[in-house]
Amino acid sequence: WPYDCGAGIVIYNASSPTIESCIITNCSTDRVGAGVYCVGASNPEYTNSIIASNTAASLGGGILLWGECNATLINCTIADNTANDGGGIVCGLSNPTITNCIFWGNTDNGTYTEYAQIRRYSSSPEITYCCIQDDDPDDRIVPYDGSTNGNIDYDPDFSDAENGDYSLSLGSPGIDSGTSDGAPSEDIQGT
């Protein structure tokens, strides 16, 4: 892939792969989408995956979805990723469906640090039953009707994130706070 985008996974040209029980970590790019770079009307599905500790110099440290990439993310952890803009996930002209996911510890080194977890460019992602570190002053995760759609903002209490263990500790507020609708029968550990 010649464009220095997507150091972990590149998805483009109307592709729709299933990415299940994968760990995408420690990827780095001088441009965009360090963990996952998805462009061109592709519709991947991510299930039970961890996208963590990736770094992009520009957009989307964890995931970049651009140009009608209406991905589905279920039971995923997007954590500790870094970018100049949108450390966790960038949705550009894309409307993903995101359920039972954790967005935590992602950082944004640029002008818009308040959008480090989820950055939107002309996009309206559907986000339900997620644990999202609250860094959005407009609170756009919460719909205009004031409902939370099951989303929470509590430290997920990872077992040992510093050493790459993003499983939840006993007593984590993330345990049993998601929805079983559409969720896989087992988590990434086979539980």
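The values are calculated or read from the model by the stated rules, or taken from the named source; none is laboratory data. From a predicted model like this one, the values you see are computed outputs, not experimental measurements. As a convention, Cβ positions derive from the backbone with ideal geometry for all residues, glycine included, and neighbour counts pool all protein chains shown. The area values use the complete protein model at the heavy-atom level, side chains included, leaving out ligands, DNA and RNA. Shrake-Rupley method; radii C 1.70, N 1.55, O 1.52, S 1.80 Å.
Please name all residue pairs, on different chains or six or more residues apart, with Cβ atoms under 6 Å, provided the first residue is in region 47-61 and is surrounded by fewer than 23 Cβ atoms within 10 Å (Cβ to Cβ) and the second residue is among the small types (Gly, Ala, Ser).
48/21; 55/28; 55/34; 55/61
Taking region 23-45 only, how many residues are open to solvent by 40 Å² or more (accessible area, probe 1.4 Å), part of a strand (DSSP E or B) and not charged (D, E, K, R)?
3
Residues checked against (1) over 14 Å from the mean Cα position of the chain (by Cα); (2) at pLDDT 95 or above:
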| residue | (1), (2) |
| --- | --- |
| 19 | no, yes |
| 23 | no, yes |
| 27 | yes, yes |
| 41 | yes, no |
| 44 | no, yes |
| 47 | no, yes |
| 62 | no, yes |
| 65 | no, yes |
| 70 | no, no |
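Looking at (1) within 19 Å of residue 113 (Cα to Cα); (2) touching a residue at least 60 places away in the same chain (Cβ under 8 Å), find the lone condition where residue 21 falls short.
Here residue 21 meets the rest and fails (1).
Test residue 97 against the stated conditions and say whether it is open to solvent by 20 Å² or more (accessible area, probe 1.4 Å) and modelled with pLDDT of 95 or more.
yes
Condition first: under 17 Å from residue 28 (Cβ atoms), free of Cβ contacts under 8 Å to residues at least 40 places away in the same chain and surrounded by 22 or more Cβ atoms within 10 Å (Cβ to Cβ). Now tell me which residues in region 100-125 satisfy that.
Selection gives 108 alone.
What's the number of the condition residue 14 fails, among (1) modelled with pLDDT under 95; (2) assigned to a strand (DSSP E or B)?
(2)
Read through the list (1) without any contact (Cβ under 8 Å) to a residue 60 or more places away in the chain; (2) open to solvent by less than 40 Å² (accessible area, probe 1.4 Å); (3) not in a loop (DSSP other than H, G, I, E, B), then give the number of the only condition that residue 172 fails.
With (1) without any contact (Cβ under 8 Å) to a residue 60 or more places away in the chain; (2) open to solvent by less than 40 Å² (accessible area, probe 1.4 Å); (3) not in a loop (DSSP other than H, G, I, E, B) applied to residue 172, the lone miss is (3).
Does region 136-143 contain at least one residue that is open to solvent by less than 20 Å² (accessible area, probe 1.4 Å), of a type in the set (Asp, Glu) and either out of contact with any His (no Cβ under 7 Å at 6 or more places or on another chain) or at pLDDT below 95 (or both)? It would help to see each step written out before you state the result.
Taking region 136-143 first, the residues open to solvent by less than 20 Å² (accessible area, probe 1.4 Å) are 136.
Cutting the leftovers down to of a type in the set (Asp, Glu) gives us 136.
Adding the requirement that they be either out of contact with any His (no Cβ under 7 Å at 6 or more places or on another chain) or at pLDDT below 95 (or both) leaves 136.
Yes.
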